[in-house]
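The values are calculated or read from the model by the stated rules, or taken from the named source; none is laboratory data. Here the structure is a predicted model, which means the values were calculated and not measured. Here the Cβ positions follow ideal geometry from the backbone for every residue, glycine too, while neighbour counts run over all protein chains shown.
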Amino acid sequence: MTVRHFRRFLPDESATAILGNDLAAAVRPGDVLALHGDLGAGKTMLARAIIRALAANPDLEVPSPTFTVVQSYDARFPVAHFDLYRVTSVEELEELGFDEATTNGVVLVEWPERAGELLPAHSIEVVLGEEGAGRSARISASGPAADRIGRSFDIRGFLIAAGEGNASRTHLIGDASTRAYETLALADGAARILMDAPRRPDGPPIRDGRTYSQVAKLAESVVPFVAVASALKKAGFCAPVVHASDLDNGLLVLEQLGDEGVIAADGTPIPERYLAAAGLLADLHADTWPHVLPVAEGVEHRLPDYDREAMLIELSLMLDWYLPHEANRQITNDERHQFFDAWNAVLDRLERAEKTIVLRDFHSPNLIWRANHAGNDCLGLIDFQDAVYGPAAYDVASLAMDARVTVPPDLQDAVVSTYAQARARQGPFDRAAFDEAFAIMAAQRNAKVLGIFVRLNKRDGKPGYMRHLPRCRAYFAQALRHPSLAPVEQALQEIGLAEALEA
């Protein structure tokens with residue numbers, strides 16, 4: 001396996017803190033950082049910086065484990081900090097749980113040469129030494145750890161180029177895609193959001209040389225985000241300002257719109273905020289949206305059509321992941337044909353549905369409540385890079401049947417009514433056509449989401465999404481009761497899979 005080498009010059013303690021910050025952003029459970037260097041080389045200082053960054057606490061007390069040998073911390077991951085200077089045998093290390101620590105969390109080891117064969121071969125080697133008036137750090141790593149460290153250092157380079165080289169980075173969240181987000185604390189005390197979204201397709205080619213993301217019209221770079229953010233702001237909606245960008249490398253520094261959402265501390269939806277979001281959608285859909293959106297000099301983004309092919313490839317997620325999981329068997333080719341024949345008959349009915357911009361994930365995780373603002377500025381929009389041009393009812397269904405929060409039936413009805421009444425005040429509005437499109441889009445979206453959540457668990461090792469399955473099953477069953485979905489309901493009954501959606 002190829003070993004990659006990195007070097008950092010550390011003129012002072014602040015540079016060591018930044019290096020610790022960048023390494024903390026890169027490490028994952030199972031990583032072992034072997035810290036080499038003579039006495040006074042700065043091993044403990046670097047370990048302290050890494051631990052404080054992982055704990056998101058710059059003032060955390062991190063004593064040297066010279067006498068205790070090991071100090072443990074509950075941070076973003078479990079962290080164990082070993083100092084082996086006084087260790088005399090491998091057996092002593094085994095008694096201290098060294099091997100277990102290297103399995104369950106992140107391990108920092110000073111004097112790692114004394115760990116003997118217990119030190120994993122894949123350890124990240126950090127060699128600290130004197131250099132001129134400061135110190136140097138030479139880092140060696142291989143495999144995924146090397147890629148993560150390289151990406152983290154690239155991010156620091158991007159921040160330096162943006163004039164924010166001293167920004168402190170704190171992990172914020174990783175979503176259901178390959179994107180990750182960090183909070184940036186700037187030198188002047190301001191806060192920003194870093195979007196880390198490297199350009200990559202979602203999987204191998206699956207149809208006519210195209211990947212799943214290309215067929216489903218999902219963003220493969222940050223370009224669509226910048227384009228849609230600019231268009232939303234130009235139309236008077238609250239989207240984050242893009243303070244700095246590297247479109248080729250998938251890095252953005254964004255305005256921090258706030259940290260208050262639309263759900264209460266007990267996890268229940270706050271009705272007035274959901275209704276405000278419904279009103280915002282009505283205003284959004286009353287506008288005329290161009291298909292081609294400018295991004296930068298010589299760069300533009302075409303808003304893709306949310307067409308039948310995209311909807312059907314998303315529905316395949318239910319057949320490929322969710323239904324086999326619940327039914328404990330694979331779906332046959334005949335059953336697939338019956339399933340898609342039924343859905344094609346249903347999707348024919350969308351021909352008369354109103355089309356507009358569809359933000360696609362218009363639900364609680366992506367709505368920021370701004371209490372001190374008025375009108376639509378009360379809601380900040382933060383996730384729209386997958387925006388398409390399609391049925392207006394889609395985002396209303398995404399809000400009313402929030403995949404992450406149980407929205408009770410009375411609030412669902414209020415969301416739909418608030419939206420429909422606002423649209424009717426704006427001009428001609430076909431309520432019957434909207435209600436039909438709402439049911440179809442609610443069923444299609446929840447079928448897709450059920451498949452995505454199982455895939456995230458089984459393929460990507462993200463089991464946390466499985467807790468949402470019962471809610472999305474209930475939403476799907478509710479949408480299926482609309483007469484327009486009768487072909488799908490009948491198909492599921494005939495192929496014996498209806499029970500899997502009632503589990």
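The table below gives the values:
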read-out	value
Verdict on P204 being more than 18 Å from the chain's Cα centre (by Cα) and surrounded by fewer than 22 Cβ atoms within 10 Å (Cβ to Cβ)	yes
Residues satisfying the stated conditions in the range 470-497, i.e. under 18 Å from V396 (Cβ atoms) and not in a helix (DSSP H, G or I)	R481, H482
Only listed residue being out of contact with any strand residue (DSSP E or B) (no Cβ under 9 Å at 6 or more places or on another chain), assigned to a loop (DSSP other than H, G, I, E, B) and surrounded by 16 or more Cβ atoms within 10 Å (Cβ to Cβ), chosen from D361, D402	D361
Conditions (1) in a helix (DSSP H, G or I); (2) among the aliphatic types (A, V, I, L, M); (3) out of contact with any strand residue (DSSP E or B) (no Cβ under 8 Å at 6 or more places or on another chain); (4) surrounded by 19 or more Cβ atoms within 10 Å (Cβ to Cβ); number of the one not met by M466	(4)
Residue that is touching a Phe, Trp or Tyr at 6+ places or on another chain (Cβ under 7 Å) and in the same structural domain as A17 (by TED's automatic domain parsing), where the choices are G134, G129, G143, G116	G134
Candidate set: the range 1-27, residues that are under 25 Å from E164 (Cα atoms) and of a type in the set (K, R); chosen: the one surrounded by the fewest Cβ atoms within 10 Å (Cβ to Cβ)	R7
Residue count, the range 117-146 (criterion: among the aliphatic types (A, V, I, L, M), exposed (fewer than 13 other Cβ atoms within 10 Å of the Cβ) and within 28 Å of A15 (Cβ to Cβ))	1
Residue, farthest from P224 (Cα to Cα), within the range 246-263, restricted to residues that are of a type outside the set (D, E, K, R) and out of contact with any Leu (no Cβ under 8 Å at 6 or more places or on another chain)	I263
Evaluation of L84 against (1) crowded, with 20+ Cβ neighbours inside 10 Å; (2) in contact (Cβ under 8 Å) with a residue 60 or more places away in the chain; (3) more than 27 Å from the chain's Cα centre (by Cα) (one fails), failing number	(2)
Candidates G451, G427 - the one that is in contact (Cβ under 8 Å) with a residue 24 or more places away in the chain, touching a helix residue (DSSP H, G or I) at 6+ places or on another chain (Cβ under 8 Å) and exposed (fewer than 15 other Cβ atoms within 10 Å of the Cβ)	G427
Meets criteria (on the phi < 0 side of the Ramachandran plot, surrounded by fewer than 20 Cβ atoms within 10 Å (Cβ to Cβ) and assigned by TED's automatic domain parsing to the domain that holds F476) for A235	no
Residue ID - surrounded by the fewest Cβ atoms within 10 Å (Cβ to Cβ), chosen from residues in the range 101-116 that are of a type in the set (V, I, T) and within 12 Å of L33 (Cβ to Cβ)	T102
Out of L312, L257, sole residue that is closer than 29 Å to R467 by Cα, within 21 Å of the chain's Cα centre (by Cα) and modelled with pLDDT of 95 or more	L257
Failed criterion for S417 (all others in (1) outside any helix (DSSP H, G or I); (2) among the polar types (S, T, N, Q); (3) surrounded by fewer than 14 Cβ atoms within 10 Å (Cβ to Cβ) hold)	(1)
Neighbours by Cβ (under 7 Å, 6+ apart or cross-chain): first from the range 365-388, aromatic (F, W, Y); second part of a strand (DSSP E or B)	W369/L379
Long-range neighbours under 8 Å by Cβ, at least six apart or interchain, first residue in contact (Cβ under 8 Å) with a residue 12 or more places away in the chain and on the phi < 0 side of the Ramachandran plot within the range 158-172, second part of a loop (DSSP other than H, G, I, E, B) and surrounded by fewer than 15 Cβ atoms within 10 Å (Cβ to Cβ)	L159/G165; E164/A187; N166/A187; A167/A187; S168/P58
Matching residues, the range 327-365, being closer than 28 Å to R431 by Cα, acidic (D, E) and out of contact with any Ser or Thr (no Cβ under 7 Å at 6 or more places or on another chain)	D341, D348, E351, E354
Flag for L33 being closer than 24 Å to R156 by Cβ, touching a residue at least 12 places away in the same chain (Cβ under 8 Å) and buried (at least 22 other Cβ atoms within 10 Å of the Cβ)	yes
Residue among A185, A146, A161, A133 that is closer than 19 Å to A49 by Cβ and not charged (D, E, K, R)	A185
Residue among V396, V407 that alone is in a helix (DSSP H, G or I), under 19 Å from I270 (Cβ atoms), within 29 Å of the chain's Cα centre (by Cα) and assigned by TED's automatic domain parsing to the domain that holds A278	V396
